[in-house]
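Below you'll find the structure, written out as structure tokens, and then a few comments.
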Amino acid sequence: MRIEGYGRVDRDVSLDFSFDGRRFAGHPGDTLASALMAEGVVLTGRSFKYHRPRGVLTDTSAEPNALVTVGRGAGRDPNTRATVQELYNGLEARSQNRWPTLSLDLWAVNDLAAPFLGAGFYYKTFMWPRAFWEKLYEPIIRRAAGLGALSGEADGERYEKAYAFCDLLVIGAGPAGLMAARVAAEAGAQVILCTEEPRFGGRLLAEAEEVDGQPGHLWVAGVLARLRGMDNVRLMPRTTVTGAYDGGTYGALERVSHHVADPQGAPRECFWRIVAQRAVLAAGALERPVAFGDNDRPGVMLASALRGYLHRYGAAPGRQVAVFTNNDDGHRTARDLARAGLNVVALVDSRHDAESLAGEVPFFPGWQVCGTQGRRRLSGITLRAPDGRRDVLQVEALGVSGGYNPSLHLTCHMGARPVWRDDIAAFVPPAAHVPGLTVAGSANGAFTTYGCLTEGAEAGAEAVRVLGFRAEVADNIPQANNTPNRLRRLWAVPGRGRAWLDFQNDVTVKDVRQAAAENYASVEHMKRYTTQGMATDQGKSSNVSALAILADATGRDIPETGTTTFRPPYSPIAIAAMGAGGQGAGFAPERFTTSHEASLRRAAPMVEAGLWYRPSYFPVKGERHWRPACDREVRMVRDRVGVCDVSTLGKIDLQGRDVGRFLDCVYANTFSTLKPGRTRYGLMLREDGFVMDDGTTARLAELHWLMTTTTAAAGQVMRHLDWVKQAYAQGWDVRFISVTEQWAQFAVAGPQARDLLNDVLDAPIDNLGFPYMANGAVSIGGTRARLFRISFSGEHAYEVAVPSRYGAALWDLLVARAEALGGGPYGMEALNVLRIEKGHITHAEIHGRTTAHDIGMGRMIAAKDCIGRTMAGRPGLVNDREELVGLRPLAGGTLTAGAHLFAPEADPVRENDHGYTTSACFSPTLGEERALGFLLNGHRRHGETVRLVDHLRGIDTLCEVTAPCAFDPTGGRLRD
Amino acid sequence: MRLTCPLCGARDRREFTYQGDAIMLTRPSNDDPTAFSDWLHLRDNPAGRTRDLWYHEAGCCAWLVVERDTVTHAVHSVALVEGEDAD
């Protein structure tokens, strides 16, 4: 129902929405929870385990009960707290965890079995047979218990992530947060003010209370107007600061467009990383209920929430209401509800000596509420007098207050533990917690408005003074209520019926006591045994009460019992927000070569090589499969000429007098003796003696060198060179930079490679002037280019490099000339076959566990100090190694990479393993399958027969061991 | 977590690559395998101050020695591996 004259919703405008298909209306400014309440809907959900009817408990983000699914289709949003969801026209919400409907939920039979389903039930019952857990028990339990579900489809909604920086981050915009922000902003600091609510003002919007002689909400409006007028203030509504991290970094979730029907292109949520020099936590405090029999009946709410719905939305769950409290704050609810014209039938205060602060309301000091009546909503409560006498009252709503817990969660995100304050019966932040963070107001245990205003102002001033700003606080504090809230502890009312603590996970007082009785006496054990505090609300309304009951059950006091650990996030964050931008193509950057478009025009399928995309093969008419294309391209290179884009190899330009000396250090073999115009193969080791990478390095001129790395290890090699240079070669005359992106480089390979090049070079080359492993400057159509006579294919081959802006044009030119000679482009598949035929290694072979010795290059390690030399000499890295060999099938059959090698007569089991294969292909040149692999002492076993077994693919083939190089072993083709 | 690169200023830790103990700076000068093996493989695991190597990979590519506390997460100093006036 709506209360006339109350609430700050816009009653002139009506918004249509639906809940479980029924149509309702609310107003701008409503939450889904307030609009449902105004429409008389009290039952909003079913509980997790027992499917008990539940209604709204809070008016905050800590809501454990009123979880609904909003929207439909792929982007539907389950487990949305109705207390947070703002109303918009056309909003569709559905209840969760019920079947078939919310009012008739057949799973509620679980509640009848409740005597058997208490703490530890699953652990004790579903122990055996073991296999039944996964196949039978768990699926049924999951079906019966649970919350809302995602659609299972890809979420098409937009999410965003962003960074922000400030001098002062103020978390919470109640009286403390507003004062902190105002004082700091007036001092000139860059301030970010976040509130998780849609409006700034915090609890001042939910109370009938004056600040500075005017209604609280008007004072808020004044402060806000001032903050809005300052360009050093950033106001962030609907933004929950979810975690505190090292270095003044805070995570925050902004709900950008959950509150509008049409986001107009805005993202749904944005995850912020806010870097703040200082921060003030002014997150307020959360009221906690008192546990008593059947205290989960829809209509039983927190007293502060009942008051909040009245003042904020003019909504109430019924006309007949009562309040049950152990502190003065509950009296304010009774007072305000009575003033609003509701029939407050009882103010029950568990304190014998309490005096009513609620005027004419019937007052029951020393009484307690010990039970409730009703089916799907509250219809009555049972009171118990100090002398044991009982009374039953008809009510539609009950406000309960057990005191307040400061929202100190963020202070504990970096390992600090809260401390217990007996006078307010609550945990407060410890003296030292998150560096740079101070706590002010109710979050710090200051439970009066004046206390909040004062602490906020002081915290804001102190924070920016540390940063060098002049901040004034003196006599700046507005007049406000400063009456402390008196309280006498009451956690649970003894008596019959289940008294609920954790509403979201269905944990009762009895469950906690049972955990203690079974010696789960540590708070962390109790939590896991009962699931107390493990739901999406993380026990915000129940943890302190539960551990107080555990303390009582184990005969300890509360500080001794301790708390569980608060971890980020403060409230749930969609994974989609944290991973914003990472879906689909956003998952990883894409790197394209200059020939990419040309390759796509030829319908070449692309394969990923690191972040690069490289053509797999270039199909011609009639080729429907990679193999015919690959075989053709291999023959083309061996017989005529092929062109391949090799720009993805890492290219590092090195200059200086000490480059030779530097390369001697990072390569296993010697480079300082290399003459300008010559190129050399180099093997790079890690410090532990294993191979890191290989490639060629060309000496372009006396002081100018160019290193190439493999595509996969380019980043690692660059990092390694930086390391060696900065750590071990300080003061050497060496400078280097990656030029991978700056140069396009193409391999031209095959017997007609020189013919092709001489077609395009401005000045022709010959074998004498440009022998194998030569390099030099050339020009193509007047453009300066670099030519290297190097070969990965084993053919007479060159690599020609031009600045990237000429790459696409040169590619087209080379391919056209190659085709005129009967050749053409070749892709990664052919490249791989060509190198396997030659026994050349890639990272399939140098995979991090192989040494120079293993790949037959042990003698390349020169007698000089270089990275990895000492460790490579360890006996275990030289003796009885699995060594690189070639393999060919003795009687046909397929060879695969990843197969294992055994003696022919041996049982193919792990104990008899003699090695494994790393690369395999069909060699069109040799007309048979070929593989490379590592075989125990393989260097000495050429000619032997081994058994190749691939258990996964069902392959078992006898193979002959050969040298790795199976084609042109003398290298004659390289030098012609 | 944030690190203040001496060249670039305060940056988010996502710009940096962690390597390990700064003991890697003191490479054995001889070729004694035992000395090398100890240097390469043996590490202290202190609760308290450590000196770590970080690489400003998404920044200036400087290798850095970061002195920090594994218990409090406080960062005490960030220095260049390569002395600023080394060459």
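Observations on the structure shown:
- Failed item in (1) away from chain A (no Cβ under 12 Å); (2) over 24 Å from A:Gln716 (Cβ atoms); (3) surrounded by 15 or more Cβ atoms within 10 Å (Cβ to Cβ), with B:Arg68 passing the rest: (1)
- Filtered residues of region A:872-921 (kept if within 14 Å of chain B (Cβ to nearest Cβ) and in a helix (DSSP H, G or I)): A:Ala872, A:Pro875, A:Gly876, A:Leu877
- Selected residue (criterion: farthest from A:Arg375 (Cα to Cα)) from residues of region A:101-117 that are touching a helix residue (DSSP H, G or I) at 6+ places or on another chain (Cβ under 9 Å) and open to solvent by less than 60 Å² (accessible area, probe 1.4 Å): A:Leu117
- Residue count for region A:431-448, restricted to those that are within 14 Å of another protein chain (Cβ to nearest Cβ) and either surrounded by 22 or more Cβ atoms within 10 Å (Cβ to Cβ) or in contact with a helix residue (DSSP H, G or I) (Cβ under 7 Å, 6 or more places away or on another chain) (or both): 4.
- Selection status of A:Ala521, open to solvent by 10 Å² or more (accessible area, probe 1.4 Å) and modelled with pLDDT of 95 or more: no
- Looking across region A:562-602, the residues that are among the aliphatic types (A, V, I, L, M), open to solvent by 70 Å² or more (accessible area, probe 1.4 Å) and either at pLDDT 95 or above or under 30 Å from A:Ala546 (Cβ atoms) (or both) come down to A:Ile575, A:Met578, A:Leu600.
- Condition met for A:Gln320 (out of contact with any His (no Cβ under 9 Å at 6 or more places or on another chain) and under 25 Å from A:Thr60 (Cα atoms)): yes
- Of all residues in region A:697-715 being closer than 24 Å to A:Tyr613 by Cβ and of a type in the set (Ser, Thr, Tyr), the one that is nearest to the chain's Cα centre (by Cα): A:Thr711
- Hey, A:Gly29 at pLDDT 95 or above, in a loop (DSSP other than H, G, I, E, B) and closer than 13 Å to A:His259 by Cα or not: yes
- Count - residues of region A:365-394 that are exposed (fewer than 15 other Cβ atoms within 10 Å of the Cβ) and not in a strand (DSSP E or B): 6
- A search for C-beta distances below 6 Å between a residue of region B:1-27 that is within 10 Å of chain A (Cβ to nearest Cβ) and free of Cβ contacts under 8 Å to residues at least 40 places away in the same chain and any residue that is open to solvent by 40 Å² or more (accessible area, probe 1.4 Å) and assigned to a loop (DSSP other than H, G, I, E, B), counting only pairs 6+ apart in sequence or on different chains, returns B:Arg13/B:Met1.
- Residues that are assigned to a loop (DSSP other than H, G, I, E, B) and open to solvent by 30 Å² or more (accessible area, probe 1.4 Å), drawn from region A:246-267: A:Val256, A:His258, A:His259, A:Val260, A:Ala261, A:Asp262, A:Pro263, A:Gln264, A:Gly265, A:Ala266
- Tallying residues that are crowded, with 17+ Cβ neighbours inside 10 Å, of a type outside the set (Phe, Trp, Tyr) and within 19 Å of A:Asp16 (Cβ to Cβ) within region A:78-95 yields 9.
- Test: A:Glu472 is of a type in the set (D, E, K, R), assigned to a helix (DSSP H, G or I) and outside the structural domain of A:Pro175 (by TED's automatic domain parsing): no
A quick yes/no check of all residues on (1) away from chain B (no Cβ under 14 Å); (2) outside any strand (DSSP E or B); (3) more than 22 Å from B:Gly20 (Cβ to Cβ); (4) open to solvent by less than 50 Å² (accessible area, probe 1.4 Å):
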site: A:Asp694; (1), (2), (3), (4): yes, no, yes, yes
site: A:Leu706; (1), (2), (3), (4): yes, no, yes, yes
site: A:Gln716; (1), (2), (3), (4): no, yes, no, no
site: A:Gln726; (1), (2), (3), (4): no, yes, no, yes
site: A:Val748; (1), (2), (3), (4): yes, no, yes, yes
site: A:Asp766; (1), (2), (3), (4): yes, yes, yes, no
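- Within region A:14-27, being more than 17 Å from A:Thr69 (Cβ to Cβ) and open to solvent by less than 60 Å² (accessible area, probe 1.4 Å) holds for A:Leu15, A:Ala25, A:Gly26, A:His27.
- Flag if A:Asp231 is more than 24 Å from A:Thr83 (Cβ to Cβ), under 38 Å from the mean Cα position of the chain (by Cα) and within 14 Å of chain B (Cβ to nearest Cβ): no
- Region B:30-51, residues that are under 19 Å from A:Trp723 (Cα atoms), open to solvent by 90 Å² or more (accessible area, probe 1.4 Å) and facing another protein chain (nearest Cβ under 9 Å): B:His41
- Here A:Arg869 meets each of (1) surrounded by 19 or more Cβ atoms within 10 Å (Cβ to Cβ); (2) away from chain B (no Cβ under 14 Å) with one exception, condition (2).
Residue by residue, here is whether (1) under 48 Å from the mean Cα position of the chain (by Cα); (2) modelled with pLDDT of 95 or more; (3) open to solvent by 20 Å² or more (accessible area, probe 1.4 Å); (4) over 20 Å from A:Ala830 (Cα atoms) holds:
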position: A:Leu901; (1), (2), (3), (4): yes, yes, no, yes
position: A:Leu936; (1), (2), (3), (4): yes, yes, yes, yes
position: A:Gly943; (1), (2), (3), (4): no, yes, yes, yes
position: A:Val961; (1), (2), (3), (4): no, yes, no, yes
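Yes/no per residue for (1) modelled with pLDDT of 95 or more; (2) surrounded by fewer than 16 Cβ atoms within 10 Å (Cβ to Cβ); (3) in contact with a helix residue (DSSP H, G or I) (Cβ under 9 Å, 6 or more places away or on another chain); (4) on the phi > 0 side of the Ramachandran plot:
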{"site": "A:Ser738", "(1), (2), (3), (4)": "yes, no, yes, no"}
{"site": "A:Gln742", "(1), (2), (3), (4)": "yes, yes, yes, no"}
{"site": "A:Pro751", "(1), (2), (3), (4)": "yes, no, yes, no"}
{"site": "A:Asn758", "(1), (2), (3), (4)": "yes, yes, no, no"}
{"site": "A:Phe792", "(1), (2), (3), (4)": "yes, no, yes, no"}
{"site": "A:Ser804", "(1), (2), (3), (4)": "yes, no, no, no"}
{"site": "A:Arg817", "(1), (2), (3), (4)": "yes, no, yes, no"}
{"site": "A:Gly822", "(1), (2), (3), (4)": "yes, yes, yes, yes"}
{"site": "A:Pro825", "(1), (2), (3), (4)": "yes, no, yes, no"}
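- Listed here are the strands (runs of 3 or more DSSP E) enclosed by region A:55-106 that have at least 1 residues being among the hydrophobic types (A, V, I, L, M, F, W, C) and at pLDDT 90 or above: A:67-70, A:91-94.
- Exactly one residue among A:Ala322, A:Ala285 is open to solvent by 10 Å² or more (accessible area, probe 1.4 Å) and touching a strand residue (DSSP E or B) at 6+ places or on another chain (Cβ under 6 Å), and that residue is A:Ala285.
- For region A:518-623, the helices (runs of 4 or more DSSP H) that sit wholly inside it and include 2 or more residues that are in contact with a Ser or Thr (Cβ under 6 Å, 6 or more places away or on another chain) and outside the structural domain of A:Ala425 (by TED's automatic domain parsing) are A:523-530, A:543-553.
- Residue satisfying condition, being open to solvent by less than 30 Å² (accessible area, probe 1.4 Å) and closer than 14 Å to A:Gly893 by Cα, within set A:Arg930, A:Arg953: A:Arg930
- Any hit, region A:632-654, residues being at pLDDT 95 or above and farther than 24 Å from A:Trp811 by Cα: yes
The values are calculated or read from the model by the stated rules, or taken from the named source; none is laboratory data. All values derive from a computational prediction rather than experimental measurement. Using ideal geometry, Cβ is built from the backbone for each residue, glycine included, and neighbour counts are taken over all protein chains shown. Heads up: the accessible areas ignore ligands, DNA and RNA and are worked out on the full protein's heavy atoms, side chains in. Shrake-Rupley method; radii C 1.70, N 1.55, O 1.52, S 1.80 Å.
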